[in-house]
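These notes are about the structure you will find just below.
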Amino acid sequence: MAGPPSIDPAEVQAATPIPRKLRKGVVTRKALCASCDIACSVVTEVQQGRVVRVRSSDNPIFRDNICMKGIVAPKGFAHPDRIRHPLKRVGERGSGEWQQVSWSEAMQDIGQRLNHIVAEHGPEAWAVSTSQWNTGTDHGLGRRLMNHVGSPNWISGVALCAGNTAAVNRMTYGWFPMADILQTRCIVLFGHNPKRHSWVPVYNQIRRAQAGGAKLIVLDPRKSENAEVADIWLPLKAGSDAAMCLGWLKVIIDEGLYDKDFIAQWAVGFEDLKKRVDEYPLERVAQLTGCEPEAIAEAARLYATAGPSVIPWTPMTDMQRNSTSAIRLQSILRAICGYLDIPGGEQLHGFHPDIVPESDIEMHHVLSREQQDKQLGSDTHPVFTYRGQRAFLEPGERVWGRQYNNQVTGCFMANPSATFRAMAGEGSYPVKAFFALGNNTLMSFANMPLILKAILNQDLVVVHEQFMTPTAQLADYVLPADSWLERPWLMDGYGWTSMYRPSQKSMDPPGECKSTFEFWRQLAHAIGKPDVVPWETLEAFYDDRLAATGMKFEEFAEKYEVYFAPPHFKKYEETGFATPSGKVELKSSVLQDLGLDPLPYFREDPPLGTEFPLMMFTGVREDEYFQTGHRHIPEMRQRAPEPYLFVSPGTAGEYALEEEEWVTVENQVGLIHMKVAIRDNMPDNLVRIPHGWWKPEVNPGLQNGLSDALKYADAMLCPDDADFLDREQGIPHLKGIPCRIRKNMEPPA
Ligand code: SF4
């Protein structure tokens, strides 16, 4: 079958062989790859000031953790299209006309214009979107400066990916746990599909655990690579995770497979939960999920009895109409089976005692209650906003020693959809300045037509980027960003773990590329708040954070591959849980106080109509690409040259679709062009749309469809109206969007 070329890991490795001996003049540096959000430990080989090779770490814990994107990184960052100097817009917004300026000239003007907007509209008129990888090294400094200025309107892709999971997990037991995959006896993957070239460390850990006898349960509409090697595969309907978990709980509670002592001593709300779960007999769950009742029961029994078991974080559950319930249900399963904070289970790390965490750097306490209450979206969808997380301030201090525990940076965010509406002039107050750092915002959230309108409606748009992304093409200023090869990094697992890993700078950045740290430092000076970012260099900032270890950053980096305190299990027996009750809240007091259903539930997708008879989902990672990046790298494009949609042979037959033909996919939000790839592992009537397609080789500018982003981006099809938003968080349902396909539609030139 033709279509996108298959991935051959051996071929990728062979193309860049790991040398047995270093060539003369080559030195090595220890680094963390940030070409995706995993941060694999790697070794860079440097010759004459340039990185000539990236390979996996020699450390046995991290060995083999590398994918093709990490290997090809030096080439990707050396691409001629890399932005090397600050650019100021001189034509109409989006016209692609720029003038090169200096950093100081750019920052002076940006600072003055931002101060003017804040004076005219209030600090809340400034919104920022950042990503924690690639340009990275923000370290909470953006939040810190925003908090001092007085703006609560920070958004990020973590609203759809791990950050929201962290915020919801806190509702149950006060911290976002990390699955101990290597020591577990049973792994449950909800739609998650770690592969040799995606989520590589997780892939390697799962394979090692399986080799040691651990069971694997995969719940995925597709027969994914992990489903192929699972002990149990449940092909559940896309987006029905919450219904499936309710079914599992029904089995586990009815058959008495839960940890009764733990529930009696450490949980509240069990009887209420039981009543809710009774509303979901297996026959109903089977109808909602499309799986056989006996298969559902078998999987639930295996999870509850094979333990300790883990349900590792999955981005699939993060992006559903029922995300809050589904994430809560996964956390409830962990708790009632007694798998919390034990070896082989789900560990609640807390903070490392010797290192200043990013939660402290952010200084949320300086943002007044009045400004916190203006956070966009907190009135309608409060869960991950200040309003939703406020109840955890006291418990957080009691258990973890800090009031503002910001895990995966997702616990005090504004709602992205509400922010874009305010930017577009449709909110309760205006947002007139928008900054995007390492974040291709236009294509990274639902309802791209709205985001485009929002950005075009701004008085000031500033982007810090490595390449001229579609978002950067709409900016007033584009500041050139460094890469992970070109700066040091102190990595804390995004505040999720207490483990720290250092990354050494391997080479100088090209041109005038600078770090995110330097961006915030210069901005602090430009707006008259230099004391907010008082460090002169990134290294000095790290030195301060490491002061209690007695080491400077470079010594720390030389000495440690990973730095952590010995694990201490069942800490809750000494401190209780960091929830208002001090217990695991099966019925959430916080959700109840917010006026939301305190118990998990399942809200069904509306039935498909004749206008849009197919269901599509997006959000699966392609091996070659991370989010909207990497399309400029020839090696990646040779492997996956075009945006392919994936359908089953049955669906292809029904709609007379042929392999490799161009079609349009459309719905009530928009229309995009895709090439057809027919795959046996796809279920009928479900279409998989790849995330984040644009073509960097196409000319920039609105007149060119923003390098064809308007032609190919999945966000053009993702709705964000109330029917498609999770009620509690307000994140969009990306796992069940009605659409239709039309044949024979070559993309327009
Ligand atoms: Fe880099 Fe690949 Fe590891 Fe991601 S999975 S951090 S891209 S090597």
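Overview of values
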{"quantity": "Residues that are open to solvent by less than 40 Å² (accessible area, probe 1.4 Å), assigned to a helix (DSSP H, G or I) and within 28 Å of residue 571 (Cβ to Cβ), drawn from the range 267-282", "calculated": "270, 273"}
{"quantity": "Hey, residue 747 open to solvent by less than 40 Å² (accessible area, probe 1.4 Å), in a loop (DSSP other than H, G, I, E, B) and over 20 Å from residue 620 (Cβ atoms) or not", "calculated": "yes"}
{"quantity": "Residues located in the range 510-543, provided they are closer than 23 Å to residue 74 by Cα and open to solvent by 40 Å² or more (accessible area, probe 1.4 Å)", "calculated": "511, 512, 514, 539"}
{"quantity": "Filter result for residue 582 (farther than 27 Å from residue 248 by Cα and of a type in the set (Gly, Ala, Ser))", "calculated": "no"}
{"quantity": "Single residue of the range 195-216 satisfying the filter (part of a loop (DSSP other than H, G, I, E, B) and open to solvent by 20 Å² or more (accessible area, probe 1.4 Å)) that is farthest from the ligand (Cβ to nearest atom)", "calculated": "213"}
{"quantity": "Criterion (under 25 Å from residue 684 (Cβ atoms), touching a residue at least 40 places away in the same chain (Cβ under 8 Å), assigned to a helix (DSSP H, G or I) and not small (Gly, Ala, Ser)) met by exactly one of 251, 285", "calculated": "285"}
{"quantity": "Pair list, Cβ < 6 Å and 6+ apart or interchain, from the range 210-237 residues that are not assigned by TED's automatic domain parsing to the domain that holds residue 680 to residues that are open to solvent by less than 70 Å² (accessible area, probe 1.4 Å) and among the charged types (D, E, K, R)", "calculated": "225/195; 227/220"}
{"quantity": "Matching entry among 81, 109, 64 (being within 16 Å of the ligand (Cβ to nearest atom) and acidic (Asp, Glu))", "calculated": "64"}
{"quantity": "Residue within the range 624-642 that is assigned to a loop (DSSP other than H, G, I, E, B), away from the ligand (no atom under 16 Å from the Cβ) and over 23 Å from the mean Cα position of the chain (by Cα) present", "calculated": "yes"}
{"quantity": "Residue tally, condition open to solvent by less than 30 Å² (accessible area, probe 1.4 Å) and either in contact with a helix residue (DSSP H, G or I) (Cβ under 8 Å, 6 or more places away or on another chain) or outside any loop (DSSP other than H, G, I, E, B) (or both), over the range 362-391", "calculated": "15"}
{"quantity": "Per-region count, the range 138-164, residues open to solvent by less than 10 Å² (accessible area, probe 1.4 Å), assigned to a helix (DSSP H, G or I) and not aliphatic (A, V, I, L, M)", "calculated": "5"}
{"quantity": "Criterion: buried (at least 16 other Cβ atoms within 10 Å of the Cβ) and free of Cβ contacts under 8 Å to residues at least 60 places away in the same chain - qualifying residue of 578, 652", "calculated": "652"}
{"quantity": "Filter result for the condition that a residue is under 30 Å from residue 703 (Cα atoms) and either away from the ligand (no atom under 13 Å from the Cβ) or open to solvent by 40 Å² or more (accessible area, probe 1.4 Å) (or both), over 25, 49, 91", "calculated": "91"}
{"quantity": "Residue match in the range 310-321 (condition: at positive phi and in the same structural domain as residue 226 (by TED's automatic domain parsing))", "calculated": "no"}
{"quantity": "Number of positions in the range 535-571 that are aromatic (Phe, Trp, Tyr) and part of a helix (DSSP H, G or I)", "calculated": "4"}
{"quantity": "Selection within the range 21-40 - in contact (Cβ under 8 Å) with a residue 60 or more places away in the chain and closer than 18 Å to residue 507 by Cβ", "calculated": "29, 30, 31, 32, 33, 34, 35"}
{"quantity": "Hey, residue 44 within 15 Å of the ligand (Cβ to nearest atom), of a type in the set (Val, Ile, Thr) and either part of a loop (DSSP other than H, G, I, E, B) or not assigned by TED's automatic domain parsing to the domain that holds residue 631 (or both) or not", "calculated": "yes"}
{"quantity": "The range 552-569, subset in contact with a helix residue (DSSP H, G or I) (Cβ under 8 Å, 6 or more places away or on another chain) and surrounded by 18 or more Cβ atoms within 10 Å (Cβ to Cβ), residue nearest to residue 308 (Cα to Cα)", "calculated": "563"}
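The values are calculated or read from the model by the stated rules, or taken from the named source; none is laboratory data. This one's a predicted model, so the numbers in the text were calculated from it and none came from an experiment. Using ideal geometry, Cβ is built from the backbone for each residue, glycine included, and neighbour counts are taken over all protein chains shown. SASA here: full protein model, heavy atoms, side chains in, ligands and nucleic acids out. Shrake-Rupley method; radii C 1.70, N 1.55, O 1.52, S 1.80 Å.
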